[in-house]
Amino acid sequence: MVIDESTRFIMKMFSRHYRQTALAMPDRFSKREFGFMFYDRQGMVRHTAFPTRASLKKYLIEQTPAHVYYSCAYYEKPDAQTMPEKKWLGADLIFDLDADHVEGAQNMPYEKMLERVKEEVTRLVDEFLLGDLGVPENELKIAFSGGRGYHVHINSPKVLRLTSHERREIVDFVTGTDLDIDWLFPPKPFEISRFKDRVDSDKKRTMPSLDDGGWRRRIRKGIDTLLDEIESMDPVDARSKLAELFEESKRDIGKKTLEGLYKDLFGGKTGKRGVDRMRAENTFEVFSEKRHSDAFLDLVDMRVRGRMKGETDEPVTSDIKRLIRLPTSLHGKTGFEVVPLTRRELTGFNPFDDAVSKAFGEEEVAVRCEKPCNVTLKGRDFALDSGSNSVPEFAAVYLLCRKLASISTKA
């Protein structure tokens, strides 16, 4: 494979990074499989293991991979060429969240995209992992992926032997998949009539409470937010909003049902409306027809659960043999470092400052841009024109890796 000047420069910078950087090694790294992708050859090199930190460091300096991965799994023989020969011993639990899993993020500029994904990974960690699941903070590790998102690693002994199916159940909890309506809105019996020893009763659904935990509290907060949003609109806009919210419903929601749903919730005098009773009495029984209550439950599933759920890449979390990026390695498509983070460090983390390798210096490099572009790195703004430009090494690596520029060969 022919190597151009831009790739040659990137490889030189990457080699320097690995020479100067203290690698963050995963627990029991000698039991992990490593994988690599390169600039100067095709395909992935897998089924590799390293007995020491020094042996891995030497490999990275000399071979200069574009991407470095290690297995979430532990193996008896991690360098065996087939999976059965490796003999699986257990695996960390991994959550992978990037722009593909966050609604609307894919269409944002790169900087805004990373801000949005950071908001979601913070919510995943705080609300679901540390919160609902009670993962101890010292058993949870976060890493900026170097690209479009974040990874969260849990290496508790409690998760090591979980099967793919059991890991999938954790994903289902985080994403609120297949939530039971009778669990969310529990039916409670009430007495209709009594005659001698005979008691006739029926059941009424109750609303989930803010005093509940987990998904009940989450759904109630989401319902309150949605109802507040619709209530604040004038009636015409509110009806249009409801119609818009139901566009993705598999149920045939006609205008008559929408109108009935709106009247059940917001019709009548303030204090006696359906929405007021929901809030004050925690009752679900405010609907005049079953089709109205069914439509409301549809709305809860489609829109409320959708807004309140956590995000993760399901195949990654359920995979017990997945390869994931090595923290402190470099991402070949950005030049950013895969930065290990604590929960506290995540709050103030800015990849455009904190993921730029300290090995990349200030020496000026001549680059050529096909079109004008603007980037901000390490607190400095670079407004680049089409044609030749001069930028520091650290900016050159980013521009070249993202294919926003190439090394200028013009004398």
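Kirkwood Rh and Cα-based Rg: tell me the resulting Rg over Rh for the chain, rounded to two decimals. Don't jump to the answer; show the numbers that get you there.
Details: Rg = 27.2 Å, Rh = 24.9 Å.
Taking Rh as the inverse mean 1/r over Cα pairs, Rg/Rh reads 1.09.
Tell me the angle of helix 235-245 to the major Cα principal axis of the chain, expressed in degrees between 0 and 90 and rounded to the nearest ten. In the chain, helix 235-245 runs at an angle near 60 degrees to the longest axis.
Note on Cys369, Cys72: ascending count of other Cβ atoms within 10 Å places them as Cys369, Cys72, the fewest first. Pull out a ≥ b ≥ c, the square roots of the eigenvalues of the alpha-carbon gyration tensor of the range 181-308, then state rounded if a/c is under 1.5, prolate if not and a/b is larger than b/c, and oblate in the remaining case. Taking the square roots of the gyration eigenvalues as a ≥ b ≥ c, the range 181-308 is prolate. The phi torsions of the range 282-290, fed into the Karplus equation with coefficients 6.51, -1.76 and 1.60 and a -60° offset, translate into couplings of 6, 9, 9, 7, 10, 9, 7, 9, 4 Hz, rounded to whole numbers, with Gly and Pro shown as x.
Past 20 Å, Cα to Cα: identify those pairs from Lys263/Lys290; Lys118/Lys241; Lys358/Lys378; Lys86/Lys321; Lys221/Lys309; Lys31/Lys321, in the order given.
Working: Lys263/Lys290 14 Å; Lys118/Lys241 29 Å; Lys358/Lys378 11 Å; Lys86/Lys321 11 Å; Lys221/Lys309 12 Å; Lys31/Lys321 12 Å.
Distance filter (> 20 Å) returns Lys118/Lys241.
Relative contact order of the chain, please, whole-number percent, based on alpha carbon pairs below 8 angstrom and at least 6 residues apart.
Numbers: 666 pairs, mean separation 79.3, N = 411.
It comes to 19 percent, rounded to a whole number.
Most exposed first by the Cβ proxy, i.e. fewest other Cβ within 10 Å, how do Thr270, Thr177, Thr312 rank? Walk me through the intermediate numbers first.
On the way: Thr270 8, Thr177 13, Thr312 24.
Ordered by Cβ neighbours within 10 Å, fewest first: Thr270, Thr177, Thr312.
Can you put Glu111, Glu311, Glu393 in order, fewest other beta carbons within 10 Å first?
Values: Glu111 13, Glu311 23, Glu393 19.
Taking fewest neighbouring Cβ atoms as first place, the list is Glu111, Glu393, Glu311.
Treating each Cα of the range 364-407 as one equal point scatterer and applying the Debye formula with no solvent, the log10 of I(q)/I(0) at q = 0.21 Å⁻¹ comes out as -0.55.
Read the figures in this text as sums done on the coordinates, not as results from a lab. Treat the numbers as computed from the prediction; the structure is a model and nothing was measured. No Cβ is skipped: glycine too gets one built from the backbone with ideal geometry, and neighbour counts run over all protein chains shown.
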